[in-house]
Amino acid sequence: ILGAMLFVFPFYAVSWQVFVTLLLVTPALHFLTNVVAYLLGLKKVWW
């Protein structure tokens, strides 16, 4: 997330609200997609 924000910063100023939202949502979304992939049989382990 931090790398993406540093890459985008010269082109677009991201507000602090968007930045905090991304920091909170990304780990949960990552976990959720891993569990869904495991349940669909796309991964052998859930993590």
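Readers should treat all values here as calculations from the given coordinates under stated rules, not as data from a laboratory. All values reported here derive from a predicted model rather than from experimental measurement. Ideal geometry is used to build each Cβ from the backbone, glycine not excepted, and the neighbour counts take in all protein chains shown.
For residues that are loosely packed, with under 12 Cβ neighbours inside 10 Å and part of a helix (DSSP H, G or I), tally how many sit in segment 1-17.
Taking segment 1-17 first, the residues loosely packed, with under 12 Cβ neighbours inside 10 Å are 1-4, 6-13, 15-17.
Within this subset, residues satisfying the condition of being part of a helix (DSSP H, G or I) are 2-4, 6-8, 16-17.
Residues that pass the stated criteria total 8.
Kindly indicate whether V25 is surrounded by 11 or more Cβ atoms within 10 Å (Cβ to Cβ), under 11 Å from the mean Cα position of the chain (by Cα) and not small (G, A, S).
Yes: the conditions hold for V25.
Within the set of pairs 6+ apart or on separate chains, which have a first residue in segment 16-44 that is within 26 Å of M5 (Cβ to Cβ), a second that is surrounded by fewer than 10 Cβ atoms within 10 Å (Cβ to Cβ) and not charged (D, E, K, R), and C-beta atoms under 8 Å apart?
What qualifies is N34/W47.
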